[in-house]
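Before any comments, here is the structure.
The values are calculated or read from the model by the stated rules, or taken from the named source; none is laboratory data. All values reported here derive from a predicted model rather than from experimental measurement. Note that we place each Cβ from the backbone using ideal geometry, even for glycine, and neighbour counts take in every protein chain shown. With ligands, DNA and RNA removed, areas are computed over all heavy atoms of the protein, side chains included. Shrake-Rupley method; radii C 1.70, N 1.55, O 1.52, S 1.80 Å.
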Amino acid sequence: MDEKSVVAIEDKYMVNVYAKRPVVLSKGKGVYLWDLNGKKYLDFTGNYGVCILGYSHPDIVQAIKKQVDNLIPCHGSFYNETRAKFLEKLIKIAPKGLNKAFLGNSGAESVECAIKMARKYTGKPEIIAMTGGFHGKTMGALSATWKEKYRAPFQPLVPGFKHVSRFNIQKIKEAITEKTAAVIVEPIQGESGVILPPEGFFPSLRELCDEKGVLLIIDEVQTGMGRTGRIFACEHWGLTPDILCVAKSIAGGLPLGATLAKEEIASSLQVGEHTSTFGGNPVACAAACATIDVIMRENLPEKAGRLGNYFLEKLRAVQSKHRIVREVRGLGLMIGVELRVEVLNIILEALQRGVLMLDAGRNVLRFLPPLIVTKKEIDKVVMILDEILNEESKRVCDSVSSQTS
Ligand SMILES: *Cc1c(COP(=O)(O)O)cnc(C)c1O
């Protein structure tokens, strides 16, 4: 099938809910992707942060192949050795005290389970979320998500959700009532523009939640698995959540989500109260085992921290040359570049030049490269961004001067 036909068929039959990029991807290896015409792309999106080890990592491929030959599905009401191995590995890398996990298939699903656990354990209905927060788009997760564009058409959402000014301890304190079950927070807001919490926020939040008897749900769907320089971002602040949501990169590219919780909280769910037909299927678990093994063996969180600092430094040098760059920020290999202009043009221009970049809101470029990326590849992306910003600055300048003349 040629490129034109693929685009025509997807446009004809697929529900039009994705802002499509004009490229048909057909092959991936390491940090690179190829389109149907054989053009090569350096991928700094990591498929929205999913491909933490890049594409088709040999260990993941081998683990999946071996599992597919043995058993593909295994409902949670039966036991399975691959799932058992994965659970052991997952609990071992989790923040201390989180020793139970529910396995689902996506980020939104891991948030749904967190909401249900919090309500069931506390017997209370209210959840406090942050302005700018993103937790997925199923009805429960959407109720915790902030963006009005995502919420408004689907009212009424699940009742009991309140949004308070992000990372603001005082506002959270004021919002807590005797009906509050939990606070849900991303360690770094991803979709909203790579927004980091102020120093001291998370330790204060943990203290506040303990004092008020409110559960703390940390959504690490995007930040987890080494992305920010630690296995989980909450380790940066020595933080132990009551409930932790993980998904995106946990199975190195296959659909898998996990909701981790302290034993007493998780155990409030009774048999039958929350299940998922595909949750914890052996193929995804096999991929996740390989993913965790490689992350630990190659010390990838430490590498993400080191390369992230290098990348930030290079981007700040670019910032100093271009007035249209407002801010460069990030932690590990989760990096945002906020511009004074919209980023869509830049993303399309980069695509032309063989580099894939993400947006996070209208004016933030977001980088979530695989953790196996090299300095040389970072240099290349920075160089191409610099070139594009040169042209973009010139374009903005020209249009301003033509308006004023
Ligand atoms: C992507 C994301 C989700 C939703 O994950 P899906 O797999 O798309 O449902 C939830 N929370 C955060 C922080 C995310 O980045």
- Note on the structure: The relative contact order of the range 228-348, taking Cα pairs under 8 Å that sit 6 or more residues apart, comes to a percentage of 25 percent
- Amide H contacts of F161 (H built 1.01 Å from N, under 5 Å, at least 5 apart or other chain): I127
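Where in the range 169-249 are there GluC sites (Glu not before Pro) that are in a DSSP coil and have at most 16 other Cβ atoms within 10 angstrom of their Cβ?
Counting only loop positions with at most 16 other Cβ atoms within 10 Å, the GluC sites (Glu not before Pro) in the range 169-249 are E178, E199.
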- Within the range 25-51, find all residues whose amide N lies under 11 Å from a label point positioned 7 Å from the Cα of K380 along Cα-to-beta-carbon. 31-33, 40-44
- Message: If you fit an axis through the alpha-carbon atoms of helix 107-122 and take the longest principal axis of the Cα set of the chain, what angle between them do you get, 0 to 90°, nearest 10?
- Response: 30 degrees
- Message: Please list 3J(HN,Hα) in residue order for the range 147-161, calculated via the Karplus relation 6.51 cos²θ - 1.76 cosθ + 1.60 where θ = phi - 60°; whole Hz, with x for glycine and proline.
- Response: 4, 4, 4, 7, 8, 3, x, 10, 5, x, 8, 5, x, x, 9
- Antiparallel %, DSSP beta bridges [both residues in the chain], to 5: 65 percent
- Tell me, what is the FRET efficiency for K85 and E235 to the nearest 0.05, using R0 = 30 angstrom and their Cβ-Cβ distance as r? 0.80
- D69 and R151 label points (each 7 Å along its Cα→Cβ direction) are spaced in nm at 5.1 nm
- Message: From Cα pairs below 8 angstrom and at least 6 apart in sequence, can you work out the relative contact order of the range 37-184, rounded to a whole percent?
- Response: 18 percent
- In nanometres, the difference between 0.36 nm per residue of separation and the alpha-carbon distance of R340 and A8 is 116.1 nm
- In deg cm²/dmol, rounded to the nearest 500, the helical mean residue ellipticity at 222 nm of the chain, built from -39500 (n - 2.57) for every DSSP H run of length 4 or more, is -13000 deg cm²/dmol
- Message: At 1.4 Å probe size, with the rest of the protein present, what percent of the exposed accessible area of the range 244-285 is carbon and sulfur atoms?
- Response: 54 percent
- Candidates per trypsin sites (Lys or Arg not before Pro) in the range 127-213, loop by DSSP, up to 13 other Cβ within 10 Å: K179
- Across the chain, where is the longest run that never hits chymotrypsin sites (Phe, Trp or Tyr not before Pro) in a DSSP loop with at most 12 other C-beta atoms within 10 Å? 80-405
- Message: How large is the convex hull of the C-alpha atoms of the range 107-235 per residue, in Å³?
- Response: 99 Å³
- Task: Could you list which residues have their amide H under 5 Å from that of Y55, counting only those 5 or more apart in sequence or on another chain, with H placed in the peptide plane?
- Result: K29, G30, V31, Y32
- Excluding V400 itself, what net charge comes from residues whose Cβ is under 12 Å from its Cβ, given Lys and Arg +1 and Asp and Glu -1? +3
- Message: Can you give the log10 of the normalised intensity I(q)/I(0) at q = 0.09, 0.12, 0.13 Å⁻¹, computed with Debye over equal Cα scatterers of the chain?
- Response: -0.56, -1.00, -1.16
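For the range 8-141, what is the convex hull volume of the alpha-carbon atoms per residue, in Å³? Before the final figure, lay out the partial values.
Details: hull volume 27.3 nm³, N = 134.
With only Cα atoms used, the range 8-141 gives 204 Å³ per residue.
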- Message: Report the gain in length on full extension from D59 to R326: 0.36 nm times residue separation, minus Cα-Cα distance, nm rounded to one decimal.
- Response: 92.1 nm
- For R166, list long-range residues whose amide hydrogen, built 1.01 Å from N in the peptide plane, is under 5 Å from its own amide hydrogen. T131
- FRET efficiency, 1/(1 + (r/R0)^6) with R0 51 Å, evaluated for E273 and N390 via beta carbons: 0.35
- Message: Accessible area per residue for the range 1-122 in Å², computed with a 1.4 Å probe and the full protein assembly in place, what is it?
- Response: 60 Å²
- Tell me, what ³J(HN,Hα) does each residue in the range 164-173 have, in order and in whole Hz, if you take phi through Karplus 6.51 cos²θ - 1.76 cosθ + 1.60 with θ = phi - 60° and put x for Gly and Pro? 10, 3, 4, 6, 10, 4, 4, 5, 5, 4
- Query: Pairs K212/K262; K147/K321; K321/K375: which are spaced more than 24 Å apart, C-alpha to C-alpha?
  - Reply: K147/K321
- Rounded to whole Hz, the Karplus (6.51, -1.76, 1.60) HN-Hα couplings of the range 36-50, x for glycine and proline: 4, 8, x, 6, 9, 10, 8, 9, 9, 9, x, 6, 6, x, 6
